[in-house]
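To start, the structure under review is shown below, and the notes come after it.
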């Protein structure tokens, strides 16, 4: 059913109102009171979550002919708003009193708004606009620190985004010319009678921009540099939240817009295989924990592409994607929260963390083992559903590849976990010895709270879903 009622976009309007009011308030506040603007932004997210719960009880509909309100959209809204709320909580300590504290919160909300729109778009033109709204604030956030690594990371992120955006626009133009429509349903009908080779070229070009937001091969080059060069809070955001909208948008395109004349399942399955394999292989030799998490997110993108490839072929594809997105978001943010709390970027810097903060080390272990897919964490259930969708869709070889990659990923996660529970090195009594530079005794409490919340949520989602699946 198609409707033109602004109330159907209440969650998005709440986020937009929070961003605008937060920005206007922050302009007139001194630096010491910028937290008020942050609270307004957070209130917009909470209001958006409340509206999402209410909207999820209503029938599915099409708002303004280009914005689909269905379970996929509700999940995107809930996960994006929840993850963004955790990011604001994560930033409360490091950015308190910062000269651009308000700007950070506003940019984060705008990027989240673009991400939600990206996942709910059912029209190519809205998809492009959402891509820009989700991307431009992210470029500014990547260079938020205004230091050399951050500036270089932001420049690479921007150039990659602009380059892939050009391909995306070219794909939209070509598909519109072939299908004579931009709305997904009539576009699919129009493309069904168009030359298959031309449709394939347009589809590949269109996917370029979304693969950039997803951090998948071949548009993954920005991920490790931005994750290492940007502030840790920004790295947590850009490697988590934009992926949610990107994968939802990819799923919609695969299921609703691209015709059967395109061998979409095989194309996306090959991209998924290369992405998860490259991410895992590159993570093996990383000593910087942020780069390790960066390549981990690339490998996770490969796993998330599996249900996208099975869209329209397997009934498990949509629930697998929805659950895996929620599980990945909370688990990845938990791992980054530990990095923010500890304030260390090298694996060696976490040696003996369990002796200084047993709870934080346990949260780290839960999140990292969760990313592997260890029961009873949420990602374990997400991977089970992902494997099931591949088998159900007739791609058993893809399930085998994903399983092998999951086993291989245990190695580099354990490289981080084992030192955290080990004994810290004894200081050298020699005259030229340097003090141990492990995690500080005083850890950031706000980041600790986010880490504990995320680890608990990962376990709770895993256990709750396990009970539901056995009933």
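The values are calculated or read from the model by the stated rules, or taken from the named source; none is laboratory data. None of the values given here were measured: they were computed from a predicted structure. A quick note on method: Cβ atoms are made from the backbone with ideal geometry, for glycine too, and the neighbour counts reach across all protein chains shown.
Residue 57 passes every criterion in (1) out of contact with any helix residue (DSSP H, G or I) (no Cβ under 7 Å at 6 or more places or on another chain); (2) surrounded by 15 or more Cβ atoms within 10 Å (Cβ to Cβ); (3) more than 19 Å from residue 121 (Cβ to Cβ) apart from (2). Can residue 289 be described as closer than 30 Å to residue 143 by Cα and in contact with a strand residue (DSSP E or B) (Cβ under 8 Å, 6 or more places away or on another chain)? It is true that residue 289 is closer than 30 Å to residue 143 by Cα and in contact with a strand residue (DSSP E or B) (Cβ under 8 Å, 6 or more places away or on another chain).
Taken together, 110, 124, 86 contain a single residue that is more than 29 Å from residue 34 (Cβ to Cβ) and either touching a helix residue (DSSP H, G or I) at 6+ places or on another chain (Cβ under 7 Å) or in contact (Cβ under 8 Å) with a residue 60 or more places away in the chain (or both), which is 124. Residue 13 - would you say it is touching a strand residue (DSSP E or B) at 6+ places or on another chain (Cβ under 9 Å) and surrounded by fewer than 23 Cβ atoms within 10 Å (Cβ to Cβ)? Taking the combined requirement at face value, the residue does not satisfy it.
For the range 62-81, which residues satisfy the criterion of being assigned to a helix (DSSP H, G or I) and more than 12 Å from residue 116 (Cα to Cα)? Before you say what the answer is, go through the steps one by one.
Keep residues of the range 62-81 that are assigned to a helix (DSSP H, G or I), which gives 71-81.
Across the range 62-81, the qualifying residue is only 71.
With respect to the stated conditions, residue 281 is surrounded by fewer than 22 Cβ atoms within 10 Å (Cβ to Cβ) and assigned to a helix (DSSP H, G or I).
Could you tell me whether any residue of the range 69-83 is over 17 Å from residue 325 (Cα atoms) and touching a residue at least 40 places away in the same chain (Cβ under 8 Å)?
Initially, the range 69-83 is screened for residues over 17 Å from residue 325 (Cα atoms), giving 69.
Narrowing the set further to residues that are touching a residue at least 40 places away in the same chain (Cβ under 8 Å) leaves 69.
Scanning the range 69-83 turns up at least one residue that is over 17 Å from residue 325 (Cα atoms) and touching a residue at least 40 places away in the same chain (Cβ under 8 Å).
Tell me yes or no: at least one residue of the range 204-218 is modelled with pLDDT of 90 or more, more than 18 Å from the chain's Cα centre (by Cα), assigned to a helix (DSSP H, G or I) and more than 16 Å from residue 272 (Cβ to Cβ). Among the residues of the range 204-218, at least one is modelled with pLDDT of 90 or more, more than 18 Å from the chain's Cα centre (by Cα), assigned to a helix (DSSP H, G or I) and more than 16 Å from residue 272 (Cβ to Cβ), which makes the answer yes.
Filter the range 44-58 down to the residues that are over 12 Å from residue 106 (Cα atoms) and either at pLDDT 90 or above or assigned to a helix (DSSP H, G or I) (or both) and list them by number. Before the answer, list the steps.
Initially, the range 44-58 is screened for residues over 12 Å from residue 106 (Cα atoms), giving 46-58.
Of everything in the range 44-58, those that are over 12 Å from residue 106 (Cα atoms) and either at pLDDT 90 or above or assigned to a helix (DSSP H, G or I) (or both) turn out to be 46, 47, 48, 49, 50, 51, 52, 53, 54, 55.
Based on this model, can you work out whether residue 181 counts as touching a strand residue (DSSP E or B) at 6+ places or on another chain (Cβ under 8 Å) and within 21 Å of residue 69 (Cβ to Cβ)? Spelling it out, it is not the case that residue 181 is touching a strand residue (DSSP E or B) at 6+ places or on another chain (Cβ under 8 Å) and within 21 Å of residue 69 (Cβ to Cβ).
Could you look through the range 14-32, keep only residues that are out of contact with any helix residue (DSSP H, G or I) (no Cβ under 7 Å at 6 or more places or on another chain), assigned to a helix (DSSP H, G or I) and at pLDDT 85 or above, and pick out the one that is nearest to residue 85 (Cα to Cα)?
Step one: filter the range 14-32 for residues out of contact with any helix residue (DSSP H, G or I) (no Cβ under 7 Å at 6 or more places or on another chain), giving 20, 24, 27-28, 30-32.
From what's left, assigned to a helix (DSSP H, G or I): 20, 24, 27, 31-32.
From the residues that got through so far, the ones that are at pLDDT 85 or above too are 20, 24, 27.
On the way: 20: 17, 24: 20, 27: 22 Å.
Here the residue is 20.
Surrounded by fewer than 24 Cβ atoms within 10 Å (Cβ to Cβ) and free of Cβ contacts under 8 Å to residues at least 12 places away in the same chain - does that describe any residue in the range 226-236? Checked the range 226-236: no residue is surrounded by fewer than 24 Cβ atoms within 10 Å (Cβ to Cβ) and free of Cβ contacts under 8 Å to residues at least 12 places away in the same chain.
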